[in-house]
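Asker: Take a look at the following structure, please.
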Amino acid sequence: MAPHSRVTPKWLTGYTLAAPAILLMLVIFLYPLGHSFVMSFFRWDLNSAESPFLGLGNYTDLFTGTSFGQTLRNQVVFTVASLVIEVVGGMAIAVLLSSKLRGLRPARTLLLIPPMVAPAVVGLNFRWLFNEQYGLIDAVLVKLGLPAIPWLSDPGWALISVIIASAWQNTPLLVLLFLAGLQAIPREPLEAAAVDGASAWRTFWAIVLPLMRPVVVIAMMIRIIDLFRTFDVVWLMTQGGPGNASNLLTVEAYKLAFQSVDFGHAAAVSYVALVLSLLVLALLYGLPRLTGRGSAWQA
């Protein structure tokens, strides 16, 4: 009689085969994350041979400094303004493209171009477009009899210029997400609203938008993550200037790490950005449940 052989569970076999890849990913991800977290509690710079423990000193230095306060305000304005423009504009364009108007099919294909362009290329292109001396946008404004705008040299316009460039690249991505969500909406509620004589605006607010809530939440979460790690466009357009007018948390961390060679403060800035983004994501996900309207993922 053949000896009894123990059958290995399928889940154990799967984890065993995937173990090398999982361990490699954990090392690649967790070690830098943990090491930078430890660095944020030390004076860690290349100008000194010692790295004394500061506790929360790097964090208190950030919040007591005037420049970091402006950087934090810039990040909030940049995130909120970009979200509003991209979500509202993306939804409006998606609704237009989902209509049965002729000639809209090529527009859907053109929407793929901006997200495919590298952020560095977007930053360089908009730096030339917003140039005060030979930029295309100011040239058009002057042709129309309007005054030229100092897009990148004026503190009041620098952050607006960065927001415009970021919105140009990322709004089409939200359009594609919203367009897929609109096409997945069942026809029965829309047909019932049409039979009842509901206007297009009323149908959108009462039926389409509630059914699109999960897609909108997912799109906003994706963009919040991206907005808190935006660097290329800002650095190539303004480098956070003039002054600190367009400085974001990622740009501040880069300046501290690679210009001031102060890795302790740079790590602290990075973790402030991480915590803020996680708080915003948690609020976005949990607010509907806290207000008694159910999960944000449910229409």
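Asker: With the Cα gyration tensor of the chain in hand, give its eigenvalues times 5 under a square root as the equivalent ellipsoid semi-axes, listed largest first in whole angstrom. Working shown, then result.
Answerer: On the way: eigenvalues 282, 253, 73 Å².
Semi-axis lengths for the chain are 38, 36, 19 Å.
Asker: Here's another thing I want to ask about it. Rounded to whole Å and ordered largest first, report the semi-axes of the equivalent ellipsoid of region 196-259 derived from its Cα gyration tensor (root of 5λ).
Answerer: 41, 13, 7
Asker: For the chain, which whole-number percentage of the solvent-accessible area (1.4 Å probe, protein heavy atoms only) is attributable to carbon and sulfur atoms?
Answerer: Details: 12550 of 18060 Å².
It is 70 percent, rounded to a whole number.
Asker: Still on this structure, I have one more. What's the extension gain from residue 282 to residue 17 if we count 0.36 nm per residue and subtract their Cα-Cα distance?
Answerer: Details: separation 265, 0.36 × 265 = 95.40 nm, distance 3.39 nm.
The residue 282-residue 17 span can extend by a further 92.0 nm.
Asker: Next question, about the same structure. What aspartates and glutamates does residue 255 reach when the alpha-carbon gap must be under 14 Å and sequence neighbours fewer than 8 apart in one chain are set aside?
Answerer: 45, 232
Asker: Read phi for every residue in region 115-125 and hand back ³J(HN,Hα) as whole Hz from Karplus 6.51 cos²θ - 1.76 cosθ + 1.60, θ = phi - 60°, with x for Gly and Pro.
Answerer: So the Karplus estimates, Gly and Pro as x, are x, 7, 6, 5, x, 4, 5, 4, x, 5, 4 Hz.
Asker: Quote the FRET efficiency, to the nearest 0.05, computed for residue 80 versus residue 209 with a Förster distance R0 of 22 Å and r equal to the Cβ-Cβ distance. Show your work: numbers first, answer last.
Answerer: On the way: r = 20 Å, r/R0 = 0.91.
Step by step, r from the Cβ atoms, then E = 0.65.
Asker: For residue 198 and residue 222, compute 0.36 nm times the residue count separating them, minus their Cα-Cα distance, and round to one decimal in nm.
Answerer: 5.3 nm
Asker: Can you give me the accessible area per residue for region 94-222, using a 1.4 Å probe, in Å²?
Answerer: Values: 7740 Å² over 129 residues.
I get 60 Å² per residue for region 94-222.
Asker: Please list, in order along region 210-217, the HN-Hα scalar couplings obtained from phi with the Karplus expression 6.51 cos²θ - 1.76 cosθ + 1.60 (θ = phi - 60°), rounded to whole Hz, x for Gly and Pro.
Answerer: x, 6, 8, 4, x, 5, 5, 5
Asker: If I stretch the segment between residue 112 and residue 136 completely, what's the gain in nm (0.36 nm per residue apart, minus their alpha carbon distance), one decimal?
Answerer: On the way: separation 24, 0.36 × 24 = 8.64 nm, distance 2.35 nm.
Here the segment from residue 112 to residue 136 would lengthen by 6.3 nm.
Asker: To continue, here is another question. Work out the charge dipole of the chain with +1 on the Cβ of Lys and Arg and -1 on the Cβ of Asp and Glu about the Cα centre, then indicate which of 124, 201, 230 is farthest towards its positive end.
Answerer: Farthest along the dipole direction, towards plus: 201.
Asker: Oh, and also: Give the whole-number value, in cubic angstrom per residue, of the convex hull volume spanned by the C-alpha atoms of region 1-149.
Answerer: Numbers: hull volume 49.6 nm³, N = 149.
It is 333 Å³ per residue.
The values are calculated or read from the model by the stated rules, or taken from the named source; none is laboratory data. None of these values were measured; they are calculated from a predicted model. For neighbour counting, all protein chains shown are included, and Cβ atoms are generated from backbone atoms with ideal geometry for every residue, glycine included. Quick note on the areas: whole protein, heavy atoms, side chains included, nothing else; ligands and nucleic acids left out. Shrake-Rupley method; radii C 1.70, N 1.55, O 1.52, S 1.80 Å.
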